[in-house]
Each structure stands twice: as C-alpha cells, then as structure tokens.
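Novice: Before we start, here is the structure in question, set down as structure tokens.
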Protein chains: 2
Amino acid sequence: MSNNTNTLVEPKKVALKEIKVFAPATVANVVCGFDVLGFAVNAPGDEVVMRLVEEPGVRLLKITGDDGKLPLNSDKNTVSASVKHYLSHIKREEVGVEIELHKKMPIGSGLGSSSASTVAGLYAINQLMGNLLTAKELVPFAMKGEEIACGYGHADNVAPAIMGGFVLVRSYEPLDVISLPVPDGMFAAIVYPEVDVPTKDARQMIRAKVALKDAVTQWGNVAGLVSGLFLNDMDLVGRSMKDVLVEPTRSILIPDFEVLRKLAMENGAVGFGISGSGPSVFALTKDEESAKKITKAQQMHLHQININSQAYVSEVNTEGPRTL
Amino acid sequence: MSNNTNTLVEPKKVALKEIKVFAPATVANVVCGFDVLGFAVNAPGDEVVMRLVEEPGVRLLKITGDDGKLPLNSDKNTVSASVKHYLSHIKREEVGVEIELHKKMPIGSGLGSSSASTVAGLYAINQLMGNLLTAKELVPFAMKGEEIACGYGHADNVAPAIMGGFVLVRSYEPLDVISLPVPDGMFAAIVYPEVDVPTKDARQMIRAKVALKDAVTQWGNVAGLVSGLFLNDMDLVGRSMKDVLVEPTRSILIPDFEVLRKLAMENGAVGFGISGSGPSVFALTKDEESAKKITKAQQMHLHQININSQAYVSEVNTEGPRTL
C-alpha cells in the first residue's frame, strides 16, 4: 500500500473515498456455548459511513440512534478506537478518516451492539485500505474494540459479526476461531424486552466455581450442538441447547423467562435461551413462519405484563458485514 | 422371534448355533472430552465364543487371558450379566447360552477392557437372536455391564466399542449417542505402562468443583475436537486435545507422563493424553509410521525406567465388533 501514501496526503477538498457498511447483530453463547459460540443475523445491525480525507487522524463525526449513550471521543468509542488500532497495525497512522455511526439496534440488549459497530468500522477501513486483512485476521482488532466497550476483549460476538455464520472461539491464547456450518432453513426469532441488564453485572452474577458434573453436561451439549450444525440436524442442535451453568442465574434478570421459553417451544422452536448476557432472548427454528409466530406470542405476553419489546426474525447471516 | 422358541427348547446334544466375536478396545475421554467422547481401535480387543444350547440359562464356562482376575459367576461377570439383561429385555429368558471369554487385552489398563468383553457378548447374543437391536440400541445393555464392572454405567467406552469410530455421549438422561466422522489416515499409538491404576481410585482423585474459566477452556476444546473430526482437520483435532481439568490430577499416576508426551509430540503426534482413567496413554497421528515411532520411543523410555509396557498401533476401528 506504500505507493498510495502520496495520494492520500495530497491536499483535496472532497472525500477521497467513501463507503457505507452494515455489520450484523450476533447471538453469543448459543445457550450451552458460554464464551465460545456465537452466530450472526441479518437483522438487526449497525451502519457505519466512513470517508478517507486529507486531514490525518481518525475522527468520529456523528452518532445517530444511540440516544446520546455512546462516547463521541474517538479514543473511547469502540469504532474509532479500533480503526486507529487497525491503522497503527498496518503503519498507516497518517491516513485521515471520518466516521459516522448509525446505531440501528438497541444498546445493552445482549445482541452484540458494540460488536456490530466495531465490526462495521473495521470492515469499512479494511475495504478502504484495499482489504489488507482477511475476516479472521480482523478479529483481534475487533476484540480491542470490545475491550474498550465492555472492559474485556472477548470474541464470541465480534468473530461471528466479522466472519458470518456460526463461529467457535476454541481458544484465546493463541486465538483460534473456527467457522461452523449453518443448517438449511435455520431461522432465529429474537425478542428484546426493554429492561436493563448491563453486561458487566450479568457476568458478575455467574459463579466462579461449578460442579465438574455440570461442566461435563455442558460440554456434552456444546459438542452436540457443534455436531448438529455439521450434520445439518436441527433437532440435535435443539436438544443440545441446554445451559445448566449460566442460564439459571442470568435468567432471573429476564421478565417471565420460563413463560417466554414455553411460548417459543409451543410455537415451533427447536431451542430457546438468552442471547449473550441478555435481556434479549432467542429461539432457533426450522422455518421463518415458526420464528414469526414465536416473536408474536412472546411480544404479546411481554405487552400483557407492561414491558415494551422489539422483535427480529432473521436467517443466520452467513456473509458477515457488507457494503451498502 | 416367538416362532423359534420351540426349536430352542427341543432337547439336542449339540450346540444349536455358535458364534465367535471380536470387540474393540476403546480410548475414552480423548483428552478434553471427559465422560463424553471415545473412539474404538482395531487392536487390542476381546473375543467371545457363544453357543445357543438346549439347557435354559446363561452360563459362563471359561475365561482365558485374565490371570484369574475376573469372576466366573454369571451374575457378577459383565459379559454374562449383560447377556442376561438383554435376554430379559427381549423376553427370551428361556434361551440357553454358553459363553467363553477370551481376554486379549490387559485388564485395568484404561483401554475399556470390560467394555470390550461386554460388547463382544452383546454383539454375539444379538447376532444369535437375529439382530433384534441396532448397535445404538445395544448401548444401554452394555452400560449395565459397565455398572457391574466399574460400579457405574458410563457409556464413553461401550458406545464406541459397539458403534465403532468416534462417539459423542451428549446426554445420559435421556441417552443420546452420536457417531462422529473419522479423519482420513488417522492412527492411534497406544502404550500401556504396566502399573496399577484402578478406575475407581482414578475417578475419586478428580475434584468435584472446577473453575468456570477452566470449564470454558475445556468446552472450547471439546467443540474444537468435534469440529476437527467433521472438517477432516487433524491439526485442529490435535490442538484441541488439551485437558486443563482432569489430566493434571490423573497424570500423576502415570510414570514420566510428560516425558511420554514429549516423545509423542517429537515423533509426529498431533495430540497426546491419557486413555480413559489410565495408565495407558495414547497419541493420534496422521499416519502409521509416526504411530510406530511414537510407541517405540515411549516403550524404550519405559524400559529404561524399569517399567514393562505393551504397545498397540491401530487405525480407528470404524465398524465396531465383528464376527470372526
């Protein structure tokens, strides 16, 4: 890329290049796979508009749709901070970048909101720089963004947001992320009950020690879920979606969690659980119709108990971010 | 089968039918998959000779190769007891059965010795009764045998011994066993150092509580190993063969465990660990030559520290038991 440097620092009045990118929301954990599994959906997601400009430095110009919740300071915002990290890595710190972040999904919903923003930004800068890194290679940069947003750099949201589909984070040191296949016709039914469950608090509720017996049950299910994905066996995926360790604690924070489960299972879900650290819940289904029935029934119930909610029905996103 | 009943109780001097069966040794746990994963090998294994006779009842006539360690009492021996359990289930308790068990593998070696015997017996009686049950349906009967031999009915040895290949025991209640694919060219290098590690003691050494952090690492690896099998990716299988929970404790009972690991990895293993509860160790390799080099190096080392050993090099057994 060094032969482009002169072009970029040449004084110009207009944007050298502009790109608009969508990055998907993600469901981390997938019930049994706490901290190691996640998948991406086609809706919701975030959008980033990014421009290369002559003035060096990364500037976050505007955030919409966040109700003023996110920092505009380019060192504190996950999008601009991870773009800086990327440019520093490729030794192009002289590049001038202007960013607009358009939040198109709820913050603090357990749907990987910060990941979607970060990944949209990283995908955009990588496109603008000529695709220097592969999707997998972008994961550590997005983890840096997660560290800024959540206090620690996990990968179970950012890896599926970047790579699309189901992703296994086998190991962090060294980072080892593996793409898993998506069964035919799989749909996700997501409902976000508008109650407040901060990620940090949700993590702190989890016990530090667990019974080995329960851990064995859990990794039997993790292995079952992964097998179900490879075998295109949605029923196996569904019966593996059990969490004996984390869900019992986290579900307390979600209004009428067991009712929502019942409504999901009665309306054709193969499995149901908490998305990430909640409060969003999700179900996996074999078709779109079941997914629609589930979100409808769950939203109706939440309405009855005076809780506003948002719902999303989507296929699993298999491509990751895309240019709009 | 009811129309055969008269034939069977008719007085005759000779055996009505005789069969000789081989059933394979198995490597349970496969390092990270404690209590949920196992695979079968072509060598070693046990042999059972079974005859239908006119005199009702199940009789264990003879055991060879056990150094007198196993009970001949047909209610206490795992082979005859599980055959009885099978006949009771199919309501054919009037059938007369004579059994000879020929142990062709070490007892208490961590290679599923009791499973191999049990499975050989169950495969034999099922063949003689006209294959009433599928391999998968035989698993609970073999678990009954394990209960007799080990005090509890686990499935991570018997399921691969019956079904062949790699098997995941996702759940016990209800029992859910899943066949996993075997990567091309995979070989197992097994060495049994002749030291005494009773299964019950080996289990009791394991901590009942574990750190959630370690459990997450473990199920990341279990998921990685399963993915590696499906992706035909031996390197992924190998780097997933890590056990942060059980191996640190159990390996203490195995002479020079870390030296044996080093010798395995230096000679082409993709992964190495304890077979079942030990003291046998195993390595997985991409070819037969590496497996032979590994067992040779490990046996030489054990000889130097005055420990007798037995070694087996085998492809993964993909068919389960077979008629000889």
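Novice: Once you average over the residues of A:168-181, how many Cβ atoms of partner chains fall within 10 Å of each Cβ?
Specialist: 4
Novice: If you take each beta carbon of peptide B:206-215 and count the beta carbons of other chains within 10 angstrom, what is the mean? Display every interim value, and only then the final one.
Specialist: Values: counts 1, 3, 4, 9, 8, 5, 12, 4, 4, 12.
Counting other chains' Cβ atoms within 10 Å and averaging over B:206-215 gives 6.
Novice: A follow-up question, please. What gaps in nm, shortest first, separate B:Ala211 from its twins in the other copies when you place the label 7 Å past Cα toward the beta carbon?
Specialist: 2.2
Novice: Charges at C-beta only: +1 for Lys and Arg, -1 for Asp and Glu. How large is the resulting dipole of segment B:187-315 about its Cα centre, in Debye rounded to 20?
Specialist: Dipole about the Cα centre, nearest 20: 380 debye.
Novice: Per residue of B:36-48, count partner chain C-beta atoms within 10 Å of its C-beta, then hand back the mean as an integer. Intermediate values should be presented prior to the final figure.
Specialist: Values: counts 9, 3, 0, 0, 0, 0, 0, 0, 0, 0, 0, 0, 0.
The shielding value for this peptide is 1.
Novice: For the pair A:Ile252 and A:His303, what calculated FRET efficiency results from E = 1/(1 + (r/R0)^6), where r is the Cβ-Cβ distance and R0 = 30 Å, to the nearest 0.05?
Specialist: Once the sixth-power term is evaluated, E becomes 0.90.
Novice: Under the Karplus relation 6.51 cos²θ - 1.76 cosθ + 1.60, θ = phi - 60°, what is the ordered set of whole-Hz ³J(HN,Hα) values for segment A:151-166, x standing for Gly and Pro?
Specialist: Result, rounded to whole Hz: x, 8, x, 8, 10, 6, 9, 5, 4, x, 4, 7, 8, x, x, 8.
Novice: Oh, and also: Ranked highest first by average number of other Cβ atoms within 10 Å, how do A:185-193, B:271-279 line up?
Specialist: B:271-279, A:185-193
Novice: Shifting gears a bit: Using helices alone, I'd like the mean residue ellipticity at 222 nm for chain B: each DSSP H run of four-plus residues gives -39500 (n - 2.57), total over residue count, nearest 500.
Specialist: -11000 deg cm²/dmol
Novice: Here's a follow-up. Which of A:Val177, A:Val281 has the fewest other C-beta atoms within 10 Å, and how do the rest follow up to the most?
Specialist: Ranked by crowding around the Cβ, least crowded first: A:Val177, A:Val281.
Novice: Take the residue pairs A:Lys262/A:Lys293; A:Lys144/B:Lys209; B:Lys62/B:Lys296; B:Lys209/B:Lys242; B:Lys103/B:Lys242; B:Lys62/B:Lys292 and return only those whose Cα atoms are more than 23 Å apart.
Specialist: Exceeds cut-off: A:Lys144/B:Lys209; B:Lys62/B:Lys296; B:Lys103/B:Lys242; B:Lys62/B:Lys292.
Novice: Which value, in debye to the nearest 20, gives the size of the charge dipole of segment A:83-224 about its Cα centre, when Lys and Arg are +1 and Asp and Glu are -1 at the Cβ?
Specialist: 280 debye
Novice: Got a sec? Charge dipole of chain A, +1 on Cβ for Lys and Arg, -1 for Asp and Glu; which of A:Asn157, A:Ile294, A:Tyr312 is way out at the positive end?
Specialist: A:Asn157
Novice: Here is a follow-up. Could you compute how fast segment A:2-180 diffuses translationally, taking Rh as the Kirkwood radius over C-alpha pairs and applying Stokes-Einstein at 10 °C with viscosity 1.306 mPa s? Give it in µm² per second.
Specialist: Here the translational diffusion coefficient equals 99 µm²/s.
Novice: Kindly give the distances from A:Asn131 to its copy-mates, label point to label point, with each label point 7 Å from Cα along Cα→Cβ, as nm values to one decimal ordered shortest first.
Specialist: 5.1
Novice: With labels modelled as points extended 7 Å from the Cα through the Cβ direction, what inter-label distance (nm, one decimal) is found for B:Lys262 paired with A:Lys69?
Specialist: Going from the B:Lys262 label point to the A:Lys69 one covers 5.4 nm.
Novice: Just to be sure I understand the model, the point goes 7 Å from the Cα along the line to the Cβ. What's the resulting A:Glu18 to A:Glu55 distance in nm?
Specialist: In this crude label model, A:Glu18 to A:Glu55 measures out at 1.6 nm.
Novice: For segment B:137-293, rounded, prolate or oblate, judged on the Cα gyration tensor with a ≥ b ≥ c (square roots of eigenvalues), a/c < 1.5 rounded, else prolate if a/b > b/c?
Specialist: Taking the square roots of the gyration eigenvalues as a ≥ b ≥ c, segment B:137-293 is rounded.
Novice: Tell me whether segment A:151-231 comes out rounded, prolate or oblate; compute the Cα gyration tensor, take square roots of the eigenvalues as a ≥ b ≥ c, and use a/c under 1.5 as the rounded threshold.
Specialist: On the way: a/c = 1.37, a/b = 1.16, b/c = 1.18.
Because its axes are fairly even, with a/c under 1.5, segment A:151-231 counts as rounded.
Novice: Can you list the distances in nanometres, one decimal and ascending, from the B:Pro255 label point to the identical position in each other copy, with the point 7 Å along Cα to Cβ?
Specialist: 6.8
Novice: Let me ask you something else. Just to verify a number: FRET efficiency for A:Asp287 and A:Glu137, C-beta to C-beta distance, R0 = 30 Å, to 0.05?
Specialist: 0.25
No lab work stands behind these numbers, since they all come straight from the coordinates. Keep in mind the model is a prediction, meaning the values are calculated, not measured. In this analysis, Cβ positions are derived from the backbone assuming ideal geometry, glycine residues included, and neighbour counts consider all displayed protein chains.
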